[in-house]
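The values are calculated or read from the model by the stated rules, or taken from the named source; none is laboratory data. The model shown is predicted, which means the values in this text are computed figures rather than measured ones. Counting neighbours? That spans all protein chains shown, and the Cβs are built from the backbone with ideal geometry, glycine included.
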Amino acid sequence: MEKIVPGKKSGSKIVRRSAARLFAVQAVYQMISNEEPSESVARDFLTRRAGERQKEDGLTSLDEDLFVMVVGGVGERRTDLEVIVSGARTDGKALKNETLLQSLLLCGAFELVANSETDVPVIISDYVNVAHAFFDRNEPKLVNAMLDSIAKNVRDA
């Protein structure tokens, strides 16, 4: 996996957007876990966490605009997004105790709702890849199924 640095424009647009999604999931996880506002979490990630990686060689930057849009959007619309995500869960289980999975799905749901410029398969694929980075069991399949269900409900077919 390529290393990520904010501010520095390296890597393709696709790779920078994928990096933004990965960082957004981590930021939303922190936001939920520590009950922090999205603005301070986003600022922390852009200045400190991702910035620390700037000292290393061969770095890929993240798409800061997408990162800020996703983290801020989840922060502003979290309650509505939680309803959308819980409605897509077919096994009836709640995500309350699965904070990382919940963070990932909230980010994906936000993009499916608010980022109409990006095709659904691109969004779903990137978040499934993020799921593979964190989980090694059935979670990536669950993410795929739930985001596909959400897309069918929030996007024009």
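Things to note:
- Restricting the first member to segment 79-100 and to residues that are surrounded by 16 or more Cβ atoms within 10 Å (Cβ to Cβ), and the second to residues that are at pLDDT below 65, the beta-carbon pairs closer than 9 Å and six or more apart or on different chains are Glu82/Leu95; Val85/Leu95; Ser86/Ala94; Ser86/Leu95.
Condition check ((1) among the charged types (D, E, K, R); (2) modelled with pLDDT under 85; (3) at negative phi) across all residues:
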site: Ser12; (1), (2), (3): no, yes, yes
site: Ala19; (1), (2), (3): no, no, yes
site: Phe23; (1), (2), (3): no, no, yes
site: Leu46; (1), (2), (3): no, yes, yes
site: Arg49; (1), (2), (3): yes, yes, yes
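- Applying the condition of being of a type in the set (Gly, Ala, Ser) and surrounded by 15 or more Cβ atoms within 10 Å (Cβ to Cβ) to segment 101-144 and asking which residue is nearest to Tyr29 (Cα to Cα) yields Ser103.
- Meets criteria (modelled with pLDDT of 90 or more and not basic (Lys, Arg)) for Val74: yes
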